[in-house]
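The values are calculated or read from the model by the stated rules, or taken from the named source; none is laboratory data. Since the structure is predicted, the reported quantities are computational estimates derived from the model, not experimental observations. Methodologically, a virtual Cβ is constructed for each residue, glycine included, from the backbone with ideal geometry; neighbour enumeration extends over all protein chains shown.
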């Protein structure tokens, strides 16, 4: 899937948090100064083109729905980072966490044990 801009990701987070919404409902979830209706409509169009959302017509308005779950989006982002910065090596990522002391050896051993028990 195509990468999202910060504004597009912000819209997705609102849809994940609050469910299907019309543009005015989206606007209401923003702090002041609120984005303009047309600005959101444009960004929603980009999200639809990228395959992240769909829309359903109700009279003369559209209600927008997320097609990609927040967890699936997280997986897409992680896969992109691992591919781009770690040559698609997940073991390099884990090694980096240990090396940078973001994960200690006990945590790594616990993770390995948990994975092994899930595979049995």
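For (1) over 14 Å from the mean Cα position of the chain (by Cα); (2) assigned to a helix (DSSP H, G or I); (3) touching a residue at least 12 places away in the same chain (Cβ under 8 Å), each residue gets a yes or a no:
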{"residue": "71", "(1), (2), (3)": "no, yes, no"}
{"residue": "96", "(1), (2), (3)": "yes, yes, no"}
{"residue": "103", "(1), (2), (3)": "yes, no, no"}
{"residue": "108", "(1), (2), (3)": "yes, yes, yes"}
{"residue": "112", "(1), (2), (3)": "yes, yes, no"}
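Taken over region 33-58, the criterion of being surrounded by 14 or more Cβ atoms within 10 Å (Cβ to Cβ) and assigned to a loop (DSSP other than H, G, I, E, B) is satisfied by 35, 50, 52.
Only residues that are in contact with a helix residue (DSSP H, G or I) (Cβ under 6 Å, 6 or more places away or on another chain) and at pLDDT 95 or above were counted in region 65-88, giving 2.
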